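> Pasting a structure below so you can have a look.
Derivation of every value follows stated rules applied to the coordinates shown; laboratory data play no part. From a predicted model like this one, the values you see are computed outputs, not experimental measurements. With ideal geometry, Cβ positions are generated from the backbone for all residues, glycine too; neighbour counts draw on all protein chains shown.
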Amino acid sequence: MTSPPARLSLTPAGSAPGLLDGAWWPRSRDLSHELPALVDVLDACWGRITRVAVNPTHWSVIPRKVAVAGRKVHVGWFADEQDPHKLILLSYTAGRWDLLVIPPETGAAAAARLMAAAATPGGLATAGALMAKEDTSREVQESLDREEEWETEGGHASAAAENPDPPGPVSSARGM
């Protein structure tokens, strides 16, 4: 069974270096299943990938080796030293690349924004900073959506317009 093509966005070849070389949006959190398609694509672009490093925070199982095109790619992990949203790829002959890993459950619009941001030539945002910015944007949008829903479904403004004066006698604190 072959894996579906990798969802990937890379900085253009020869562009100004940045903190990230692009973004990867896996379909699951199963590295054994997801890495072969990614490495297969990157081997053609960057040269033979020999090692991959991840932070274990978002991966339930981290295999020591993954089969890719008849060979094994070594997989390692670094809990404290590596950003949990970053994947490091190494090639003996061509160097190192850092990719933002977009969580599989991310919506298409957010993933597109993240992929574009991570593939910006000369970008100075870390993987964690891009994810935090997207989380903040999502939270702000959800708050605005809730407020809009409140207003359009008869929230505070509608209730005040229907009943401007409270029922019952009006008294003042002085004249009680």
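> With N set to the residue count of segment 20-119, report its C-alpha Rg divided by 2.2 N^0.38 Å to two decimal places.
So the Cα radius of gyration is 1.01 times the expected 2.2 N^0.38 Å.
> Further question: Using the beta-carbon distance between R64 and K133 and R0 = 41 Å, what value does 1/(1 + (r/R0)^6) give for FRET efficiency, to the nearest 0.05?
The computed FRET efficiency comes out at 0.75.
> Based on Cα positions only, what radius of gyration and what Dmax would you give for segment 76-116, in angstroms?
12.6, 36
> Could you give the length gained by full extension between E151 and S28, i.e. 0.36 nm per residue of separation minus their alpha carbon distance, to one decimal place?
40.5 nm
> Taking loop as defined by DSSP and a crowding limit of 11 other beta carbons within 10 Å, which trypsin sites (Lys or Arg not before Pro) in segment 1-90 fit? Let's see the in-between values first.
Working: sites: R7, R27, R29, R48, R51, R64, K65, R71, K72, K86; in loops: R7, R27, R29, R48, R64.
Those that pass, being in a loop and sparsely packed, are R64.
> Kindly state, as a whole number, the per residue volume in cubic angstrom of the convex hull around the alpha carbon atoms of segment 60-151.
Spelled out: Cα convex hull of segment 60-151, divided by residues, is 154 Å³.
> Another question about this same structure. What chymotrypsin sites (Phe, Trp or Tyr not before Pro) does segment 24-119 have in DSSP loop regions with at most 14 other beta carbons within 10 Å?
Working: sites: W24, W46, W59, W77, F78, Y92, W97; in loops: W59, F78, Y92.
Passing both the DSSP loop test and the Cβ count: F78, Y92.
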